[in-house]
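**Q** Before anything else, here's the structure in question.
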Amino acid sequence: MNNLTIEKEKLYQLHIKTFSYKHLQYFLKYLNFILKSNQIFSISIFPLKKKRITLLRSPHKYKKAQEHFSLNVFIANITIRQSNFYGVLPLIINKPYGTFIKIKILS
């Protein structure tokens, strides 16, 4: 008899974090093309997180001379159902600049 074992489909969760909404949309379209949407179980996009920083221009007493900076972070979670995830993994790691990915095995 044939001793081949059939691997069950596992669930993987990708946690994607980026500083640009365009990069997030581009990467989601790329994943949809690579994984062929029947393997994508769910996509959830969270509202952006804003971090504001205020710096004084002058190191002395001039409080009115301030500059404000903000950093926007966009987050998405994707759950993927696939049996051969490690074959697709090198294609997923090809991501836009400034995009960070965490991969978690759910089952």
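The values are calculated or read from the model by the stated rules, or taken from the named source; none is laboratory data. In this text, all values refer to a predicted model and were calculated from it rather than measured experimentally. Because the Cβ atoms are built from the backbone with ideal geometry, glycine has one as well, and the counts that use them run over all protein chains shown.
**Q** Can you pull out the residues in segment 49-78 that are among the small types (G, A, S), touching a residue at least 12 places away in the same chain (Cβ under 8 Å) and touching a Leu at 6+ places or on another chain (Cβ under 8 Å)?
**A** Scanning segment 49-78 gives a single hit, A76.
**Q** Pull out all pairs, ordered by first then second residue, where Cβ-Cβ is under 9 Å, the residues are six or more apart or on different chains, the first lies in segment 79-102 and is in contact (Cβ under 8 Å) with a residue 40 or more places away in the chain, and the second is loosely packed, with under 11 Cβ neighbours inside 10 Å and polar (S, T, N, Q).
**A** Pairs found: T79/S44; R81/N38.
**Q** So, of the residues in segment 31-69 that are among the polar types (S, T, N, Q) and over 21 Å from L11 (Cβ atoms), which turns out to be modelled with the lowest pLDDT?
**A** S58
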